[in-house]
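Before any comments, here is the structure.
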Ligand code: ADP
Ligand code: ADP
Ligand code: ZN
């Protein structure tokens, strides 16, 4: 499986990538997760990225491209990968094509997950993540069994600093300007599959698997 999940913040990319990779033994490449870990560990990358992420802006392409190139070349990506959060700019998309080509690989398809803006804001405001294992919850739509505690690992749940209304608005603007053009980019390459991202998580997972199946047929 070599799939790219494309969509605005809050579209459900992380939620769906987690399920896809668990089911198909592929590796999940989530640049947001990698960056947040780097910020927490105060690595050189984390120190550069922290302020940018807090404002909802994009980390420079060159840093992101190096990071993903290194990640995709690791052993665990041999069985496939699901990209979530990368590419976010045309420069990143072009670089990805080059990285994959150099590895003798290419994308099976790009699944664009469509969700209306009102639903996005609601999803992001209620998003909670586990500090232990990273699994995603929602205060209203997917609450854990015990308030503030992860069902999977008993870790503590937290709210991301960039999931506040002002930053959400900024991120949505950045998405429209920098990332939305990728939809046409992949349509032009015959790789695009569009799905409706509103509905039950399992139903959306089925839509993605169906789209991927069609792309390989
Ligand atoms: P979301 O899940 O809301 O789509 P992510 O977790 O993917 O957000 O990303 C969080 C933040 O990390 C972004 O707002 C941005 O600052 C940074 N980031 C993640 N991926 C990239 C990327 N490919 N290019 C530039 N910045 C990125
Ligand atoms: P992204 O990675 O695209 O930013 P996430 O997977 O983090 O999106 O989902 C954002 C929030 O919306 C999370 O709190 C998640 O639990 C919730 N969510 C994901 N899919 C759905 C869905 N189909 N219906 C309702 N809420 C959802
Ligand atoms: Zn957990």
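Derivation of every value follows stated rules applied to the coordinates shown; laboratory data play no part. Not measured: the values here are computed from a predicted model. Positions of Cβ are generated from backbone atoms using ideal geometry, with glycine treated the same way; all protein chains shown enter the neighbour counts.
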For residue 22 and residue 70 in one chain, what is 0.36 nm times their gap in residues minus the Cα-Cα distance, to one decimal in nm?
15.1 nm
Which shape class, rounded, prolate or oblate, goes with the chain when its Cα gyration tensor gives a ≥ b ≥ c as root eigenvalues, a/c under 1.5 marks rounded, and past that a/b bigger than b/c marks prolate?
rounded
Between residue 33 and residue 173, the two model label points (7 Å from Cα along the beta-carbon direction) sit apart by a distance in nm of 3.0 nm
Given a cut-off of under 8 Å on Cα pairs at least six residues apart, what relative contact order in percent is computed for the chain?
29 percent
Sort 111, 201, 59 by Cβ crowding within 10 Å, fewest neighbours at the top.
201, 59, 111
Quick check on the chain: helices-only [θ] at 222 nm, where DSSP H runs of length 4 and up contribute -39,500 (n - 2.57) each and the sum goes over total residues. Nearest 500, please.
-14500 deg cm²/dmol
For the range 41-82, the Kirkwood Rh over every pair of distinct alpha carbons, in Å, works out to 11.7 Å
With a Förster distance of 25 angstrom and the Cβ-Cβ distance between residue 90 and residue 57, calculated FRET efficiency to the nearest 0.05 equals 0.90
Defining a contact as two alpha carbons under 8 Å apart and six or more residues distant in sequence, what relative contact order in percent does the range 36-158 show?
12 percent
Write down the Kirkwood hydrodynamic radius of the range 138-192, to one decimal in angstroms, obtained as one divided by the mean of 1/r over all alpha carbon pairs.
14.3 Å
For a distance above 15 Å, tell me the whole-number percent of Cα pairs in the range 70-124 that qualify.
59 percent
Can you give the Kirkwood hydrodynamic radius for the range 102-217, in Å, rounded to one decimal and based on Cα pairs?
16.4 Å
What is the spread of the Cα atoms of the range 1-57 along each of their three principal axes, largest first, in whole Å?
34, 22, 15
How high is the relative contact order of the range 1-102? Use alpha-carbon pairs under 8 Å, at least six apart in sequence, and give a whole percent.
40 percent
Residue 164-residue 142 FRET efficiency (beta carbon distance; Förster radius 22 Å; 0.05 resolution)
0.65
